[in-house]
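Here's the structure we're looking at; comments come further down.
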Amino acid sequence: MSIYSVIGSRLNGAFAKSGVQAQNCYDVDGRIVFPDFEPLPIPSGDLNAAVTIALPDIYNNGHGFTCTGLAYDAETDTFLIGDIGKETPESAGYASQIVRMSSDFLTVVEQIPLYTTFPSMTVIQGLTVDTSDGTIWFCSTGENKIRHISQDGTSIGSFTVSRPTGIAYSPQYDTFWVLNYDNKILHMSKSGATLGSWDFAYTEQLDQCFIDPARGYLYIVGGDNYTGRNNVYLFNAVTHQQSIACTVDSYSVEGLWIGQTEMVIVNDGYYHSAVVPVNQVNIYNLGSN
C-alpha cells in the first residue's frame, strides 16, 4: 500500500497536527502502513573497503568458509551468513548451513545446519530475517524453493521459485524481493504469489540484494565478476528504474547489508579464485543520509 500527497509525492511518514511523527499507522487489516523507518545513506562513487576481516576458519582448512547471503538480526545484534559448506567448486558434496556471527564479524555465535534438516537441498544462497516474527527465509537454489525456518533451524514451510539466489524481506509491505538466475527481479508474497516481475537491465548475473524500506530502494550485487571492481546496482521499487549506485573493490561479491554509517559486503574470493583469493568481509564507510 502506498499513500501520496496532493502533489503526487509518495509519503513515507504520518504526522499528528502537532508535527510529531506517528510511530506506526495501521490499515483496516491491522498491517503497519507507515513504519518508523530511518532512510539509509545512498552509497555512491568508487568505494574502497575501510576494513577487511577474514572469515573464521570453521572448515579447519585455513581459508574461512564459503559465504553466500548476508542478513542482520536486530533482535540479537548478530549477522547471519549463508555457507555452502564446500571449500572449492571441485570439493565433494555440499553441507550448507547458516553461520551466526557477532556484529564485529570476529566470533561465530552458532552454526545452524541445513543439510541435515533438508537432505534434498544443495546450496544455500540468499537469506533474510522476517522482522515481523524473527524467523528466517533462505534460497535453496537447487530445489527451486524459498524455505522458511525458525531461529533454531526448524522447518516452517516453503514456496516455489525458479532458481532463486537473493532475497530481502520488506517490512513495509510484509513481502519479499527475490532475485533468480533467470535474471528476474521479483516482488513476492509470503505464500509465493508473484506480485511483480522485472528483467534485470544489466548483463551481469543477479546474485544478492538488500532493501532500504524507507526509500524503496533495492540494492543488488552480481555474482560473476572475480577479476575487476564490482557494481552495486539500485532498483527503485516504486518507479522500477534501474541504475548503478557505486563500484566497490570486492572481487567476489556475495551478500550485502547497509546501515546508517557503513555498507558490508561478504566475499567468497577463495572459492572463486578471485583477484583477492580470500573469504572475507569488506566494510565500506558511508556518508550521512
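Side notes on the structure shown:
- Failed item in (1) farther than 20 Å from Val266 by Cα; (2) acidic (Asp, Glu); (3) part of a strand (DSSP E or B), with Glu110 passing the rest: (1)
- The residues in segment 227-252 that are among the aromatic types (Phe, Trp, Tyr) and farther than 17 Å from Tyr202 by Cα can be counted, and the count is 1.
- When segment 192-217 is filtered for residues that are modelled with pLDDT of 95 or more, over 25 Å from Asp249 (Cβ atoms) and part of a loop (DSSP other than H, G, I, E, B), the ones remaining, listed by number, are Gly192, Ala193.
- Of the residues screened, Ile220 is one that is modelled with pLDDT of 95 or more, crowded, with 23+ Cβ neighbours inside 10 Å and over 21 Å from Leu55 (Cβ atoms).
- Within segment 171-187, the set of residues being within 15 Å of the chain's Cα centre (by Cα), surrounded by 19 or more Cβ atoms within 10 Å (Cβ to Cβ) and not β-branched (Val, Ile, Thr) comprises Phe176, Trp177, Leu179, Asn180, Leu186, His187.
- Checking Ala245, Ala274, Ala237 one by one, the residue that is in the same structural domain as Cys139 (by TED's automatic domain parsing), hydrophobic (A, V, I, L, M, F, W, C), over 17 Å from the mean Cα position of the chain (by Cα) and farther than 14 Å from Asn48 by Cβ is Ala274 and no other.
- Among the residues of segment 100-116, those that are at pLDDT 95 or above and in contact with a Gly (Cβ under 8 Å, 6 or more places away or on another chain) comprise Ile112, Pro113, Leu114.
The values are calculated or read from the model by the stated rules, or taken from the named source; none is laboratory data. Nothing here was measured: the structure is a model prediction, and the numbers come from that model. For neighbour counting, all protein chains shown are included, and Cβ atoms are generated from backbone atoms with ideal geometry for every residue, glycine included.
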